[in-house]
Amino acid sequence: MNIFEKINAVMKEIEYLTKDDKVEFGTTKYKAISEEKVTTAVRNELVKQGIVILPIEQQSENKELIRTEKSVNMLTSVHVKYRIQNIEDTNDYIEVESNGTGVDTQDKGVGKAMTYAYKYMLLRTFAIPTGEDPDKISSAETDEKMALEADNTIISETKANALESSISKNNISDETVTEVLNKFGYTNTREIKLRDYMPIVTEFQKLIKKG
């Protein structure tokens, strides 16, 4: 059989894969299919049909998403070209491409992105249905995670300077500043987190109006 006939044979054997994983983050909950399940199911048929799949080209890019006091979230994107090879004929192969992204605070972003790219390359190449589209839900999960992490980000120097300038301009005493900051768990304006910035500004505005 040529490579297309062998791919068709794999498609005949794997008609559907059910989700085997649960992903929960905040209020976002959904079922997903793991890379392990996809790879295991496809691998058995690849061995049976005499097919190997190898990555032959890869491009990657890193982008900083969120920087907090303790960590930096990096988004890694990869673009991978795979060769699907018929082991019975070295000249019989096709090449397919896939993309993947992964978010991590350490060095696992590339691995996550490559895993995503490989999993969806298998699912799309062999036309394996899994049910609902997980991408829309996973995007919601990422958005929610990023929003929560953004709230924990230390305010910018510009915001800190503006707040300090307003405090000085309105002659708010050091004791009052300390009292307001302590109310939110801070000792100085340079450690204020984004989630508390506007409530703190509002507190100072109330004091200014009282005179």
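So is ILE208 modelled with pLDDT under 85 and either surrounded by fewer than 14 Cβ atoms within 10 Å (Cβ to Cβ) or β-branched (Val, Ile, Thr) (or both) or not? Considered against the rule, which asks whether it is modelled with pLDDT under 85 and either surrounded by fewer than 14 Cβ atoms within 10 Å (Cβ to Cβ) or β-branched (Val, Ile, Thr) (or both), ILE208 comes out as yes. Taking ILE51, is it in contact with a helix residue (DSSP H, G or I) (Cβ under 6 Å, 6 or more places away or on another chain) and at pLDDT 95 or above? For ILE51, the condition - in contact with a helix residue (DSSP H, G or I) (Cβ under 6 Å, 6 or more places away or on another chain) and at pLDDT 95 or above - is met. Just so you know, in segment 66-79 the residues that are part of a strand (DSSP E or B) and crowded, with 16+ Cβ neighbours inside 10 Å include one that is modelled with the lowest pLDDT, and it is ILE66. Contact list please: Cβ distance under 6 Å, first residue in segment 29-58 and in the same structural domain as GLU13 (by TED's automatic domain parsing), second residue of a type in the set (S, T, N, Q) and assigned to a helix (DSSP H, G or I), pairs at least six apart or on different chains. Short answer, once both residue conditions are applied: GLU35/THR115.
Residues are listed down the side, and each one gets a yes or a no for (1) crowded, with 16+ Cβ neighbours inside 10 Å; (2) modelled with pLDDT under 85; (3) part of a helix (DSSP H, G or I):
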| position | (1), (2), (3) |
| --- | --- |
| LYS145 | yes, yes, yes |
| LEU148 | no, yes, yes |
| GLU175 | no, no, yes |
| GLU179 | no, no, yes |
| GLY185 | no, no, no |
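For segment 187-205, name all the residues that are hydrophobic (A, V, I, L, M, F, W, C) and modelled with pLDDT under 85.
Looking only at segment 187-205, we keep the residues that are hydrophobic (A, V, I, L, M, F, W, C), and these are 192, 194, 198, 200-201, 204.
The answer is LEU194, and nothing else.
For (1) touching a Lys or Arg at 6+ places or on another chain (Cβ under 8 Å); (2) surrounded by 12 or more Cβ atoms within 10 Å (Cβ to Cβ); (3) modelled with pLDDT under 90, each residue gets a yes or a no:
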{"position": "THR27", "(1), (2), (3)": "no, no, yes"}
{"position": "ILE33", "(1), (2), (3)": "yes, yes, yes"}
{"position": "VAL38", "(1), (2), (3)": "yes, yes, no"}
{"position": "ALA41", "(1), (2), (3)": "no, yes, no"}
{"position": "GLU45", "(1), (2), (3)": "no, yes, no"}
{"position": "PRO55", "(1), (2), (3)": "yes, yes, no"}
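The values are calculated or read from the model by the stated rules, or taken from the named source; none is laboratory data. Every value quoted in this text rests on a predicted model; they were computed, and no experiment measured them. Cβ atoms come from the backbone with ideal geometry, glycine included; neighbour counts cover every protein chain shown.
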